[in-house]
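The values are calculated or read from the model by the stated rules, or taken from the named source; none is laboratory data. Everything numeric here is computed off the predicted structure, so don't read it as measured data. Counting neighbours? That spans all protein chains shown, and the Cβs are built from the backbone with ideal geometry, glycine included.
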Amino acid sequence: MTDVSEKLQANAPDRKRKWTKIALITAAVLIPIIILAACLGALLPKKHSSSNGSSNNGAGSSSSSGGGSDSTDNNKNALVHLDYASYQGTQLEAGVNQYLGVRFAAPPIGNLRWRAPQPPVKVEGTQNATSFAPVCLAVDAVMANGQSEDCLFANIYTPSNATVSSKLPVWIYIQGGGYQGDYNANYNGTQVVQTGNVILVNFNYRVGAWGFLASEKIRSDGDLNAGLLDQRSAFNWTRNYIEQFGGEPNHIVIHGASAGAGSVAHHLVAYGGRNDNLFVGAVAQSPYFQTEMTVAELEWQFDLFSANTGCNNTNDPMTCLRNASTSKLQAADYTSTFPGHKIKPRRSWGPAVDGDLIPDLPITLFNQGKYADVPMIIGDEPTEGTLFVPNIDNTTAFQQFFNENYPRLNSTQLQAITSQYPPNDPVPQHASYFGPAAQAYGESTLICPGLWMARAVSNKTSVWNYSFNISVTADWNNGLGAYHTIDTGAIFGPNYNGPSTDPATKGYETVNSGVVDVVMAYYLSFVKTLDPNTLKNNAAPKWDGFAGASGRRLDFQTESTAMADVPGTLLDNCAFWEGLRLTMEI
């Protein structure tokens, strides 16, 4: 090693002279070439990008550099300028632009807790809209990545060639989650946008205590039903800005699933049915109606929440709550038993009848004709309840389950429920009372309220109703059947939530693939024309409107989708629940 090192040092001057000579020769050759190229470039015409939305610039915005971490030449077409921020989205190979995590309201933190959402604050520079933003904090959840108190963000999916002059129909999707969490966040709208040439918007909203804490103290110093106000804020934001993405602000259809569908019902009857022109059509997919108490009936929940955060003995509990740490408040955001009960219900947070936004129980308002008169689709699955009830094996547990979820039911009423739903054919892999309990819960909480809505509006409003009786062998065999919102994969396409190993979702790529074209076409036709028949699949039957007390609806089957009467046994059961509705507060 020493000899080699000495030789390298001895030869260093010769090597230096050699490399210096090479460098001079290289420079003598390259410099004239560079100068010549620069001169030629000055003589060639330059490519200009239009700033008026007339050239290939996605959403009618300038195609200047986006500045986002995922920005590429193609993504310049997914740059949109709003009056408070510019957002750089992503142009997908499918011919769809996606803008993810677009702020539609100011962060609802600090002094904005339990207040109506405020407009977003103006920010300089281009914001990255290439990845999803955090969802809102959920009930019973540990503080974790992916959830945040700062959560009022939307995702927008548009055709890549849309401009400000496109005026495309707009489909707003309200996710479900039982008002306890943003559990259906960030659905991918690529397939419906690509298929239907529409714009899809979905968004987050406050849930649990953050969105639905109720008290006269909040009425005096804040806003009740903040979660619903978040949703209306998203509607307003869409009206104000969707034109920049290529949408028609005067043609917005709202669609929700589960609690999102329950939210649709609330917006239809908001302020006693006042039409604020936020939407021109509505879809309630498996509308969820839990017990809905008045503000006075929910003061106990505010007192418990305040006590658990150390704000109950202060002179100004609202200021205390707004100054508390996020982690302290989140620790108090849990499902609690109703007063006088020992077992937790499935849900204890949700909208309250506040006498203003929600003047009365939604079904009562529908029955009184106090709703926004817009065309509607309302649908459900025949075994809605199988995802919700425990594996009940006796009458006592059956009654207890209903008593904990609907706490005003008395013993006579509970006995009547179990008599109305006796044990029948056993459900695979479940105890003897699971089937009747699941049927009772599904009909009382989801199916019958949807039918009541359809019946109430059918005299003066175009309304279409459906039952989606399609599943896969695995779920028939495990007792779930055609369960709650199983139709989502048929509406949005099997990859709406990314690649999935779920049997039902995979079924839309195999045994049930044919139903996707049918269901998606009905939905897209409604979004675009306010009638599911106008642009329906040619092989699909005409979908007649729901009419009369009993009504007719479309019965989706894998091989035999057709119009059908609502079964008499279901009508009888709904009449039974109608007698208990006010007690159950649904």
**Message:** With outside the structural domain of residue 250 (by TED's automatic domain parsing), surrounded by fewer than 19 Cβ atoms within 10 Å (Cβ to Cβ), in contact (Cβ under 8 Å) with a residue 40 or more places away in the chain and not charged (D, E, K, R) as the only criterion, which of 537, 495 stands out?
**Reply:** 495
**Complete:** Filtering the range 565-586 down to residues that are among the β-branched types (Val, Ile, Thr) and assigned to a helix (DSSP H, G or I) yields 569, 583
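Select from the range 540-574 the residues that are of a type in the set (A, V, I, L, M, F, W, C) and at pLDDT 95 or above and list them in ascending order.
Answer for the range 540-574, where residues must be of a type in the set (A, V, I, L, M, F, W, C) and at pLDDT 95 or above: 540, 543, 546, 554, 556, 562, 563, 564, 566, 570, 571, 574.
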**Prompt:** Give me the pairs: first residue in the range 453-469 and closer than 11 Å to residue 379 by Cα, second residue assigned to a helix (DSSP H, G or I) and modelled with pLDDT of 95 or more, beta-carbon distance under 6 Å, and six or more apart or on different chains, which are they?
**Reply:** 453/366; 463/454; 463/457; 465/454
**Asked** Being without any contact (Cβ under 8 Å) to a residue 12 or more places away in the chain and surrounded by fewer than 16 Cβ atoms within 10 Å (Cβ to Cβ), is that true of even one residue in the range 124-141?
**Response** yes
**Prompt:** residue 303 passes all but one of (1) over 21 Å from residue 580 (Cβ atoms); (2) touching a Lys or Arg at 6+ places or on another chain (Cβ under 6 Å); which number fails?
**Reply:** (2)
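From the list 294, 319, 314, 309, which one is within 27 Å of the chain's Cα centre (by Cα), farther than 30 Å from residue 251 by Cβ and not aromatic (Phe, Trp, Tyr)?
294
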**Prompt:** Tell me, which helices (runs of 4 or more DSSP H) wholly within the range 256-341 include 3 or more residues that are closer than 29 Å to residue 184 by Cβ?
**Reply:** 259-273, 299-308, 326-331
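Hey, does the range 65-85 have a residue that's part of a loop (DSSP other than H, G, I, E, B), touching a Gly at 6+ places or on another chain (Cβ under 7 Å) and modelled with pLDDT under 95?
To start, the set of residues in the range 65-85 that are part of a loop (DSSP other than H, G, I, E, B) comprises 65-73, 82-85.
Now drop any that are not touching a Gly at 6+ places or on another chain (Cβ under 7 Å), which leaves 67.
Checking which are modelled with pLDDT under 95 leaves us with 67.
Scanning the range 65-85 turns up at least one residue that is part of a loop (DSSP other than H, G, I, E, B), touching a Gly at 6+ places or on another chain (Cβ under 7 Å) and modelled with pLDDT under 95.
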**Message:** Please go through (1) of a type outside the set (A, V, I, L, M); (2) assigned by TED's automatic domain parsing to the domain that holds residue 114; (3) surrounded by fewer than 21 Cβ atoms within 10 Å (Cβ to Cβ) for residue 297 and return the number of the only condition it doesn't satisfy.
**Reply:** (2)
**Asked** How many of the residues in the range 157-181 are more than 30 Å from residue 405 (Cα to Cα), among the small types (Gly, Ala, Ser) and either buried (at least 24 other Cβ atoms within 10 Å of the Cβ) or touching a Leu at 6+ places or on another chain (Cβ under 8 Å) (or both)?
**Response** 2
**Complete:** Considering residues that are under 23 Å from the mean Cα position of the chain (by Cα), of a type outside the set (Ser, Thr, Tyr) and over 19 Å from residue 506 (Cβ atoms), the number found within the range 449-468 is 8
**Message:** Given the condition assigned to a helix (DSSP H, G or I) and in contact with a strand residue (DSSP E or B) (Cβ under 9 Å, 6 or more places away or on another chain), answer yes or no: does some residue in the range 528-550 qualify?
**Reply:** yes
**Item:** Complete set of residues in the range 80-123 that are aromatic (Phe, Trp, Tyr) and either crowded, with 16+ Cβ neighbours inside 10 Å or over 30 Å from residue 212 (Cβ atoms) (or both)
**Value:** 87, 99, 104, 114
**Fill in**
Cβ pairs under 9 Å, 6+ apart or interchain, first in the range 416-430 and closer than 22 Å to residue 583 by Cβ, second in a helix (DSSP H, G or I) and among the charged types (D, E, K, R), ordered by first then second residue, are 420/572; 421/443
**Boolean, residue 328 is under 30 Å from residue 488 (Cβ atoms), assigned by TED's automatic domain parsing to the domain that holds residue 112 and surrounded by fewer than 16 Cβ atoms within 10 Å (Cβ to Cβ)** = no
**Prompt:** Any idea which residue in the range 504-527 is farthest from residue 475 (Cα to Cα), counting only those that are among the polar types (S, T, N, Q) and not in a loop (DSSP other than H, G, I, E, B)?
**Reply:** 525
**Request:** Being of a type in the set (Val, Ile, Thr) and surrounded by fewer than 23 Cβ atoms within 10 Å (Cβ to Cβ) is the filter here, so list the residues in the range 182-227 that pass it.
**Result:** 190, 195
